[in-house]
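Report on one structure; see the data block that follows.
The values are calculated or read from the model by the stated rules, or taken from the named source; none is laboratory data. Computed from a prediction, not measured in an experiment: that's the story for all the values here. Virtual Cβ from ideal backbone geometry, glycine too; neighbours counted across all protein chains shown. Areas reflect the complete protein model, heavy atoms only, side chains present, ligands, DNA and RNA absent. Shrake-Rupley method; radii C 1.70, N 1.55, O 1.52, S 1.80 Å.
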Amino acid sequence: QVQLVESGGGLVQSGGSLRLSCAASGSIFSINAMGWYRQAPGKQRELVAGIISGGTTNYTDSVKGRFTISRDNAKNTVYLQMNRLKPEDTAVYYCNAKILTSWSVRHYDYWGQGTQVTVSS
């Protein structure tokens, strides 16, 4: 059994900051890529930021220069530091990890439960 538990969402004013955390636990052999997705009402889920085990990162254009993704491999945890937040960042944020478990032969996608981020204008 593998679980991804997120924390750190909430309500913040425009221009403010939030930090999301996502910890993976269970029978984990290795984690390849980790990332954060978001889904706003009426919109498709989109990739916000990703990071691979070697540390290479990628961001969607709308958050470049404002958001920073990082990970602690020893803790199987990924973070998303969100600065200069805008109302259009309002969405449910989901953590994703590609995990190889002790009983699988390849990495599979696992998802967190989602955490609400609301940015007021």
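Taking every protein chain into account, the 1.4 Å probe leaves LEU4 with about 10 Å² of accessible area, to the nearest ten. Straight-line reach from LYS86: taking Cα to Cα under 18 Å and skipping same-chain neighbours fewer than 8 places apart, the aspartates and glutamates in range are GLU46, ASP61. Could you give the longest part of the chain that holds none of the trypsin sites (Lys or Arg not before Pro) found in DSSP loops with at most 11 neighbouring Cβ atoms within 10 Å? Here the longest segment lacking exposed loop sites spans 1-42. Annotation for GLN3 and SER120: the two label points, set 7 Å from Cα along the Cα-Cβ direction, are 3.2 nm apart.
Computed from backbone phi, the HN-Hα couplings of region 15-21 come to x, x, 10, 9, 10, 9, 10 Hz, rounded to whole numbers (Karplus: 6.51 cos²θ - 1.76 cosθ + 1.60, θ = phi - 60°; Gly and Pro given as x).
Computed 3J(HN,Hα) for region 43-57, one whole-Hz value per residue from the Karplus formula 6.51 cos²θ - 1.76 cosθ + 1.60 where θ = phi - 60°, is 10, 6, 5, 10, 6, 8, 7, x, 8, 9, 4, x, x, 5, 10, glycine and proline marked x. Partner lysines whose Cα lies under 19 Å from the Cα of LYS98, excluding those fewer than 8 positions away in the same chain, are identified as LYS75.
If you wrap the tightest convex hull around every Cα atom of the chain and split its volume per residue, you get 96 Å³.
Using the 1.4 Å probe convention, the accessible area of the chain works out to 53 Å² per residue with neighbouring protein chains retained. Could you check how much of the accessible area of the chain is carbon and sulfur, as a whole percent, using a 1.4 Å probe? The computed percentage sits at 48.
Ranked by solvent-accessible area (1.4 Å probe, protein heavy atoms only, all chains present), the residues ASP72, ASP61, ASP89, ASP109 order from largest to smallest as ASP61, ASP109, ASP72, ASP89.
The phi-based Karplus calculation (6.51 cos²θ - 1.76 cosθ + 1.60; θ = phi - 60°) puts the 3J(HN,Hα) values of region 59-65 at 9, 6, 4, 5, 10, 4, x Hz, whole numbers, x for Gly and Pro.
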